[in-house]
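Worksheet: one structure, shown below.
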Amino acid sequence: MSTYCSWRHTFFCLLVFLASGFCNGATADTCTPGPAPIRFLLSFDDGPSAVDPNNPTEKVLQTLQSNPYQTGIKALFFAQTRAVNGGGTEFGRALLKREVEAGHLLAFHTATPRHSNHRYLGEEKLASSLDLGIADLSSITGVPPKLVRPPFWNYDAHTLDLYHSRGLQMLLTDLSANDGIIYGINFSLTKRRNMRKLLLALRPRWCQNDMPAVDGVTPIVVTFHDINPYTARHLEEYLEILLDVARELEIPVAEKPFYDNRDELERAALARVVKDASNPPELPGIWNWFWSLFH
Ligand SMILES: [Zn+2]
């Protein structure tokens, strides 16, 4: 029992606690000995956006740099380097350069004109798109990317082997804003409830020291989409929500709640990659259920 019960309700709370382990919405037992505090590793998929004016990627970059919670947050951008409405444009490439110059980390998402599913591209096309994307990102950052995230979270053992053959490690996510734009719906009325639910589901793993600590903190990977204008407008609120729900769930957050150093961020991300296709981790939103229909 971890939350406060007034004396008037002590007896009632005790009964409730004994019956269910909860009192006034308490969440879970305290972890002893406590695992390393968490730090949120923010990642953004599908960008950059080439929309002008009111570019959502630019807005995301501004908020990461300047917000009430931590100045100069560094994030991981899974880029679409050849997207017709983004990374494949001059403006898009300039934004990718800006991300690198601002200290963020770039990684591979697609190098096709659209958001192609890697599993359905076929071996030859996927291999050549990986090579293309690696070349695109290397020309911007000066080093080949080390991380990949599959579009639609969809992969299999074969996809993973191809990634590994190109020196790419696959990172999925712990929390997701579920803000990929689906059929024109890009807003969320359940931002707080969704993040709380996902962090609550993750808490037992953190509590049991089942998540790696890197540089003294437990990285918690969070996924957004920087091409989503709603996300871009509400990113500051999302940062607050993450801090609030961690507090509510009694999960201590590191002194720096978010990453502010590209090398540390990369080390953390590499500690969380999926090594093989057996025992696949839970996917966000509906994707576990959806892809199970195709196996
Ligand atoms: Zn995507």
1/(1 + (r/R0)^6) with r = Cβ-Cβ of Gln65 and His164, R0 = 41 Å, i.e. FRET efficiency to nearest 0.05, evaluates to 0.75
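Grab the DSSP H runs of the chain that are 4 residues or longer, score each as -39,500 (n - 2.57), total them, divide by all residues and round the 222 nm result to the nearest 500 deg cm²/dmol. All intermediate terms of the calculation are to be shown ahead of the outcome.
Numbers: 9 runs with 113 residues, N = 295.
-12000 deg cm²/dmol, from helical runs alone.
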Candidate cut points under GluC sites (Glu not before Pro) in segment 194-295, DSSP loop plus at most 13 other Cβ atoms within 10 Å of their own Cβ, are Glu282
For the pair Val100 and Ala277, the simple spin-label estimate (label points 7 Å beyond Cα toward Cβ) gives in nm 3.2
At R0 = 25 Å the Cβ-Cβ FRET efficiency linking Arg267 and Ser139, nearest 0.05, sits at 0.55
Classified through the alpha carbon gyration tensor (a ≥ b ≥ c as square roots of its eigenvalues; rounded if a/c is under 1.5, else prolate when a/b is larger than b/c, else oblate), segment 150-277 comes out oblate
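So which trypsin sites (Lys or Arg not before Pro) in segment 228-295 end up in coil per DSSP with only 10 or fewer other C-beta atoms within 10 Å? Could the numbers behind the result be given before it?
Details: sites: Arg233, Arg247, Arg262, Arg267, Arg272, Lys275; in loops: Arg272, Lys275.
Those satisfying the criteria are Lys275.
Could you list the chymotrypsin sites (Phe, Trp or Tyr not before Pro) in segment 34-123 that lie in coil according to DSSP, counting only those with at most 15 other Cβ atoms within 10 Å of their Cβ?
Working: sites: Phe40, Phe44, Tyr69, Phe77, Phe78, Phe91, Phe108, Tyr120; in loops: Tyr69.
The qualifying sites are Tyr69.
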Counting only backbone N atoms under 17 Å from a point 7 Å out along Cα-to-Cβ of Asp260, the residues of segment 100-124 in range are 102-105
Averaged per residue, the 1.4 Å probe accessible area of the chain, protein heavy atoms only, in Å², is roughly 49
Once normalised by the length of the chain, the mean sequence separation of its alpha carbon contacts under 8 Å that are 6 or more apart gives a contact order in percent of 26
Ranked by GNM mean-square fluctuation in the chain (Cα springs under 10 Å), the top entry among Gly133, Gly122, Gly86 is Gly122
If the label point sits 7 Å along Cα→Cβ of Glu123, residues of segment 151-166 with amide N under 14 Å come out as 157-163, 165
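Quick one: with all protein chains in place, what share of the accessible area of the chain is carbon or sulfur, to the nearest percent (1.4 Å probe)? Present the calculation step by step, with values, prior to reporting the outcome.
On the way: 7890 of 14400 Å².
Within the chain, the accessible surface is 55 percent carbon and sulfur.
Taking 0.36 nm per residue of sequence separation and subtracting the Cα-Cα distance, how much length would be gained by fully extending the chain between Phe91 and Asn288, in nm to one decimal? Working shown, then result.
Details: separation 197, 0.36 × 197 = 70.92 nm, distance 3.48 nm.
This chain segment gains 67.4 nm when fully extended.
For an R0 of 45 angstrom, estimate the FRET efficiency from the Cβ-Cβ distance between Leu132 and Glu250 and round to the nearest 0.05. Write out the running numbers ahead of the final one.
Working: r = 46 Å, r/R0 = 1.02.
Taking R0 as 45 Å, the efficiency between Leu132 and Glu250 is 0.45.
Which of the residue pairs Lys59/Lys97; Lys59/Lys146; Lys125/Lys146; Lys74/Lys146; Lys97/Lys275; Lys146/Lys275 have a Cα-Cα distance greater than 24 Å in the structure shown? Walk me through the numbers before you get to the answer.
Values: Lys59/Lys97 15 Å; Lys59/Lys146 26 Å; Lys125/Lys146 20 Å; Lys74/Lys146 17 Å; Lys97/Lys275 30 Å; Lys146/Lys275 13 Å.
Result: Lys59/Lys146; Lys97/Lys275 exceed 24 Å.
The values are calculated or read from the model by the stated rules, or taken from the named source; none is laboratory data. Nothing here was measured: the structure is a model prediction, and the numbers come from that model. For neighbour counting, all protein chains shown are included, and Cβ atoms are generated from backbone atoms with ideal geometry for every residue, glycine included. Note: accessible area is taken over every heavy atom of the protein model, side chains too, but ligands, DNA and RNA are not part of it. Shrake-Rupley method; radii C 1.70, N 1.55, O 1.52, S 1.80 Å.
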